[in-house]
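**Q** One structure, pasted below without further comment.
The values are calculated or read from the model by the stated rules, or taken from the named source; none is laboratory data. Predicted, not measured: the structure shown is a model, and the values here were computed from it. No Cβ is skipped: glycine too gets one built from the backbone with ideal geometry, and neighbour counts run over all protein chains shown.
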Protein chains: 2
Amino acid sequence: VCFAPSMINHYGISGKIVVVIDIFRASSAICTAISYGVKEIIPVKEIHEAKKFKEQGYITAAERDGAIVEGFDFGNSPHAFMDENLKGKTIVLTTSNCTRAIHDAKDAEQVLIGAFTNISAICDYLAQRTEDIILLCAGWKNKYNLEDSLFAGAVALRLLDQYELDCDSSIASMELYKLAKDNMLDFLKNSSHRQRLAHLGIEKDIDYCLQADSGNKIPIFNGYSISAMETTGDHSLTKKSVSAL
Amino acid sequence: VCFAPSMINHYGISGKIVVVIDIFRASSAICTAISYGVKEIIPVKEIHEAKKFKEQGYITAAERDGAIVEGFDFGNSPHAFMDENLKGKTIVLTTSNCTRAIHDAKDAEQVLIGAFTNISAICDYLAQRTEDIILLCAGWKNKYNLEDSLFAGAVALRLLDQYELDCDSSIASMELYKLAKDNMLDFLKNSSHRQRLAHLGIEKDIDYCLQADSGNKIPIFNGYSISAMETTGDHSLTKKSVSAL
């Protein structure tokens, strides 16, 4: 588990699978969009890049400090992506932390996007792989945040039979998840990000982002855009690790 | 709480008090040396710097990967510094993580060295200050480690009445410390650093580093060397926060 993108160079991503995590709310939104049938999401780091795509006619989403950036169609609320009109479409997305973390991980063997909304799909896939895995918390402005490490702990717990732990961050994340899992909302009540988002009136999003398995797609980044992994052959999904939670 | 030196730039150290933490074993060794009467410790980042001091006749200590570097008088075992012959002496020290973290923090308002061995002295001092505080975990090669965050959690818990929390890392550290405090040795049994150190036969050091308050000095770094803070005037120590542990 890497607690923030600022530490990623010290974990060595070459040849590994990196799962990018930004529970409140970007990775949850990406998983939701892909599960609801969005064809692809192009993550960009900067607002000016997203503006260029918008000028070319793309549907664009931009979030900074939790709010929709003026002039854009969406921010990073997962509910905005539960829209029949977005099926088969391409969306350009920039967010405070997640889209940057995705690009930070681009030299990995695979870059997946993880959230509680697709935790079983992603864990079932990872349980069948042989590569080392880095669970990369997008955090908040390159600092640690609690909800991302809770998800990392939930994934690490599910994969304990298949993987060895490489860093104490996995132990810490699992211990925190075990403390939190029966009431994550309550556990997170003093977390910085919940307080930061409180004035935005997005309690509905918070609830949604902590619910497991509303979707079953695995979003994968190809270096340019994110789409649903095609799960055929040895990628086929089983349910063998679900009971480990 | 900053979980590793690789993240420190994102926490902003200017005007703040930074407490550098490397429980196994360098910060415990520094606190022990200063409490036992060593006059000053000159922390240097690289082995070749320590060698130059040695050539000039300094007592030198050097540790890499947990072991004493060949050609040096000591490594970072606290027990090596419990020596009457070292009273009043200057020691040059380089270690894998801690001495680098100390230099990373040098632009802070104050740089203190913290360990369980002097936790009450340091918390009592911090409880009287008004500056923001960063508890900087030296970690392991710029990655997270468990024992440093346990100490950070113990300090944060003692200071809860005097300070507000700025980052979820404080919440995580406190929750982990609360889980661990009744048996830290057992909690740390799977930690990477304990396993890394196991072959070195230093269980005696491990036990010692987890015991509170064997010393009562506050080591402070002046940009060149570490010595005992002079505790007069508004720096005078009281015991008011001890009971918070």
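**Q** Run down A:E49, A:E70 and say which single residue is farther than 22 Å from B:S169 by Cα, assigned to a loop (DSSP other than H, G, I, E, B), away from every other protein chain (no Cβ under 14 Å) and over 17 Å from the mean Cα position of the chain (by Cα). So that I can check it myself, show each step before the final result.
**A** Details: A:E49 fails: assigned to a loop (DSSP other than H, G, I, E, B).
After ruling out the rest, the residue left standing is A:E70.
**Q** Given the criterion in contact with a Pro (Cβ under 8 Å, 6 or more places away or on another chain), farther than 20 Å from A:N145 by Cβ and either of a type outside the set (K, R) or touching a residue at least 60 places away in the same chain (Cβ under 8 Å) (or both), identify the matching residue among A:I41, A:I91, A:I102, A:I13. Steps first, please.
**A** Details: A:I91 fails: in contact with a Pro (Cβ under 8 Å, 6 or more places away or on another chain); A:I102 fails: farther than 20 Å from A:N145 by Cβ; A:I13 fails: in contact with a Pro (Cβ under 8 Å, 6 or more places away or on another chain).
Just one listed residue meets the conditions, A:I41.
**Q** While we're on this one: Does B:G66 fit the bill of being at positive phi, surrounded by 15 or more Cβ atoms within 10 Å (Cβ to Cβ) and at pLDDT below 95?
**A** Yes.
**Q** Still on this structure, please answer the following. Do you know which residues across the stretch B:73-107 are in contact with a helix residue (DSSP H, G or I) (Cβ under 7 Å, 6 or more places away or on another chain), part of a loop (DSSP other than H, G, I, E, B) and over 18 Å from B:F221 (Cα atoms)?
**A** Of everything in the stretch B:73-107, those that are in contact with a helix residue (DSSP H, G or I) (Cβ under 7 Å, 6 or more places away or on another chain), part of a loop (DSSP other than H, G, I, E, B) and over 18 Å from B:F221 (Cα atoms) turn out to be B:S77, B:M82.
**Q** Also, quick follow-up: Only one of (1) within 16 Å of A:S96 (Cβ to Cβ); (2) surrounded by fewer than 18 Cβ atoms within 10 Å (Cβ to Cβ) is not met by A:V44, so which one is it?
**A** Failing condition for A:V44: (2).
**Q** Can you pull out every residue in the stretch B:172-225 that is within 28 Å of B:Q110 (Cβ to Cβ) and among the acidic types (D, E)?
**A** Answer for the stretch B:172-225, where residues must be within 28 Å of B:Q110 (Cβ to Cβ) and among the acidic types (D, E): B:E175, B:D205, B:D213.
**Q** Another question, then. Given the conditions (1) surrounded by 15 or more Cβ atoms within 10 Å (Cβ to Cβ); (2) closer than 23 Å to A:T90 by Cα, which single one is not true for A:G223?
**A** Unmet condition: (1).
**Q** Wholly within the stretch B:133-215, which helices (runs of 4 or more DSSP H) include no fewer than the required count, namely at least 3 residues that are surrounded by 22 or more Cβ atoms within 10 Å (Cβ to Cβ) and either within 13 Å of chain A (Cβ to nearest Cβ) or touching a Leu at 6+ places or on another chain (Cβ under 9 Å) (or both)?
**A** Working: elements: B:146-158, B:168-180, B:184-187, B:192-198, B:203-209.
It comes to B:146-158, B:168-180.
**Q** Could you grab me the full set of residues in the stretch A:144-167 that are at pLDDT 95 or above and closer than 18 Å to A:H10 by Cβ?
**A** A:Y144, A:D148, A:S149, A:A152
**Q** Now for a different question. Tally up the residues in the stretch A:98-132 that are small (G, A, S) and within 14 Å of another protein chain (Cβ to nearest Cβ), please.
**A** Looking only at that region, the number is 1.
**Q** Another question, if that's okay. Quick one: count up the residues across the stretch A:27-41 that are in a strand (DSSP E or B) and surrounded by fewer than 24 Cβ atoms within 10 Å (Cβ to Cβ).
**A** Step one: filter the stretch A:27-41 for residues in a strand (DSSP E or B), giving A:40-41.
Restricting the remaining residues to those that are surrounded by fewer than 24 Cβ atoms within 10 Å (Cβ to Cβ) gives A:40.
Number of matching residues: 1.
**Q** For residues that are assigned to a loop (DSSP other than H, G, I, E, B) and surrounded by 24 or more Cβ atoms within 10 Å (Cβ to Cβ), scanning just the stretch B:1-26, find the one that is farthest from the other protein chains (Cβ to nearest Cβ).
**A** For the stretch B:1-26, the residue satisfying everything is B:R25.
**Q** Residues of the stretch A:186-199 being under 18 Å from the mean Cα position of the chain (by Cα) and at pLDDT 90 or above, which ones?
**A** Matches in the stretch A:186-199: A:L188 only.
**Q** Those residues that are among the charged types (D, E, K, R) and outside any helix (DSSP H, G or I), I need them from the stretch B:108-132; list them, please. Write out each step before concluding.
**A** Kept after step one, since they are among the charged types (D, E, K, R), are these residues of the stretch B:108-132: B:109, B:124, B:129, B:131-132.
If the condition is that a residue be among the charged types (D, E, K, R) and outside any helix (DSSP H, G or I), then B:E109, B:R129, B:E131, B:D132 are the ones that fit.
**Q** Only one of A:D83, A:D124, A:D107 is surrounded by fewer than 24 Cβ atoms within 10 Å (Cβ to Cβ), within 30 Å of A:L179 (Cβ to Cβ) and not hydroxyl-bearing (S, T, Y). Can you tell me which? Write out each step before concluding.
**A** Details: A:D83 fails: within 30 Å of A:L179 (Cβ to Cβ); A:D107 fails: within 30 Å of A:L179 (Cβ to Cβ).
After applying the criteria, what remains is A:D124.
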